[in-house]
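Peer 1: One structure, as structure tokens, below. Some questions next.
Computed from the coordinates by the stated procedures, all read-outs in this text should not be read as laboratory data. Values in this document were obtained by computation on a predicted structure and should not be read as measured data. Here the Cβ positions follow ideal geometry from the backbone for every residue, glycine too, while neighbour counts run over all protein chains shown.
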Amino acid sequence: MNHLIPIIIVSLIICLTACGPAPETFLDNPVIAHRGAWKTEGLPQNSIASLQRAIDIGCAGSEFDVWMTSDGVLVLNHDADYEGLVLETATFEEVSQLRLSNGERLPTAEEYIRKGMTQNRTKLIFEVKPSKISTGRGVELAEKSVDIVKSMGAEKWVDYITFDHDIGLRIIALDPDANVAYLNGDKSPQELKEAGYFGLDYNIRVMKENPNWFEEARELGLNINVWTVNNREDMEWLLDQNVDYITTDEPELLFEMLND
Ligand code: MG
């Protein structure tokens, strides 16, 4: 019997390790870090470091921008080009020579998602950039985006946003359970609902021009996210409107206001 004790102890340790601590859940706050949380620490936007910082300070989401290289690799950057290299016409080999200010390469979507999947408190707000070459290429990027997310089993971490209605519709068709929000501001909540969107993610200017859309969206059960909100006055107004999310370059300021 005594010889069984070490086996029991080892089994117990393995079980505790495998089961781990109590599972965390995605945070319930309105703070979405715009291109990661980069500003306070002087980190590059759309970097793994800015995602880590968004996670560390407890943002509900970290937004990032994705383009597709000429050879079909999904990479992060806000603009269509970085240091003069146009991402859509460059090869991944060329893009991988570039460095962000902290020495990181421009992350691939896969690397970024893999990093995000090491935790489950901060969601990944995946912006699928419209192609400057053709609508079809944008749709191809949408297809590859959904493919990568599904192949990684990352569905519960990822919400999608896009300015391009064709991209939005393609994602909704490929993954009807995905949360997809529309950025472009030119569709009413009713139109978004009918198209199958999860929510609207509009510029604050659009919401100021259409204040009735808060109530209309809420009545339709649409999620409301507003960008890019960097000052107290606007944050206060949106918190009063009970929006679901505020996308900001100043997540620390928004947390400060929430804690007041
Ligand atoms: Mg973006």
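Peer 1: Charges at C-beta only: +1 for Lys and Arg, -1 for Asp and Glu. How large is the resulting dipole of the chain about its Cα centre, in Debye rounded to 20?
Peer 2: Details: 22 positive and 44 negative charges, 149 e Å.
In total the dipole reaches around 720 debye.
Peer 1: With θ set to phi - 60° and the Karplus curve 6.51 cos²θ - 1.76 cosθ + 1.60, what are the ³J(HN,Hα) couplings of the range 101-115 in order, to the nearest whole Hz, using x for Gly and Pro?
Peer 2: Residue by residue, the range 101-115 yields 5, 9, x, 5, 6, 4, x, 7, 4, 5, 4, 5, 5, 4, 4 Hz.
Peer 1: Moving on. Near Glu63, within a Cβ-to-Cβ distance under 11 Å, what is the net charge of the other residues, with Lys and Arg +1 and Asp and Glu -1? If you can, show how the numbers build up before the last one.
Peer 2: Values: positive: Arg35, Lys123; negative: Asp65, Glu127, Asp159, Asp201, Asp249.
The answer is -3.
Peer 1: Can I ask one more? Cβ under 11 Å from Val206's Cβ, Val206 left aside: what net charge do those residues give with Lys, Arg +1 and Asp, Glu -1? Show your work: numbers first, answer last.
Peer 2: Working: positive: Lys187, Arg205, Lys208; negative: Asp186, Asp201, Glu209.
Taking every other residue near Val206 into account, the sum is 0.
Peer 1: With n ≥ 4 as the cut-off for DSSP H runs, can you work out [θ] at 222 nm for the chain, using -39500 (n - 2.57) per run divided by the number of residues, rounded to the nearest 500?
Peer 2: -11500 deg cm²/dmol
Peer 1: Could you tally the net charge around Glu111, taking each other residue with its Cβ under 10 Å from the Cβ of Glu111, Lys/Arg +1 and Asp/Glu -1?
Peer 2: Residues near Glu111 contribute +1 overall.
Peer 1: Right, something else. Given springs between every Cα pair under 10 Å in a Gaussian network model of the chain, which of Asn225, Asn184, Asn102 has the largest fluctuation?
Peer 2: Highest fluctuation of the listed residues: Asn102.
Peer 1: OK, next. In whole percent, what relative contact order does the chain give with Cα contacts below 8 Å and a gap of six or more residues?
Peer 2: On the way: 469 pairs, mean separation 42.9, N = 260.
This gives 16 percent for the chain.
Peer 1: Ok, one more. Give me the distance in nm between label points sitting 7 Å out from Cα along the Cα-to-Cβ direction at Asn242 and Asn210, one decimal.
Peer 2: 2.1 nm
Peer 1: Explain nothing, just compute: Karplus ³J(HN,Hα) = 6.51 cos²θ - 1.76 cosθ + 1.60, θ = phi - 60°, for every residue of the range 119-136 in order, whole Hz, x for Gly and Pro.
Peer 2: Couplings: 8, 9, 10, 10, 7, 9, 9, 8, 8, 8, 6, x, 6, 8, 8, 7, 4, x Hz.
Peer 1: Still on this structure, please answer the following. Over the chain, with a Gaussian network built from C-alpha contacts below 10 Å, which listed residue (Ile171, Ile246, Ile148) shows the highest mean-square fluctuation?
Peer 2: With Cα springs under 10 Å in the chain, the top fluctuation among Ile171, Ile246, Ile148 is at Ile148.
Peer 1: Note down the nm distance, to one decimal, between modelled labels 7 Å out along Cα→Cβ at Ala195 and at Thr91.
Peer 2: So the label points at Ala195 and Thr91 sit 3.7 nm apart.
Peer 1: Tell me, what does the Kirkwood hydrodynamic radius of the range 26-259 come to in angstroms if you use every pair of distinct C-alpha atoms? Don't skip to the end; give the middle numbers.
Peer 2: On the way: mean 1/r = 0.0564 Å⁻¹.
One over the average 1/r among Cα pairs gives 17.7 Å for the range 26-259.
Peer 1: Can you sort Phe26, Phe198, Phe126 so the residue with the fewest Cβ neighbours within 10 Å comes first?
Peer 2: Values: Phe26 14, Phe198 22, Phe126 30.
With the sparsest Cβ surroundings first, the list reads Phe26, Phe198, Phe126.
Peer 1: Looking at the chain as a GNM with Cα springs under 10 Å, which of Ala60, Ala173, Ala33 has the largest mean-square fluctuation?
Peer 2: Maximum among the listed residues: Ala173.
Peer 1: Read phi for every residue in the range 75-80 and hand back ³J(HN,Hα) as whole Hz from Karplus 6.51 cos²θ - 1.76 cosθ + 1.60, θ = phi - 60°, with x for Gly and Pro.
Peer 2: Values, residue by residue: 10, 8, 5, 6, 7, 5 Hz.
Peer 1: Place +1 on the Cβ of every Lys and Arg and -1 on the Cβ of every Asp and Glu in the range 26-259, take the dipole about the Cα centre, and give the residue among Gly103, Asn223, Met257 whose Cα lies farthest towards its positive end.
Peer 2: Gly103
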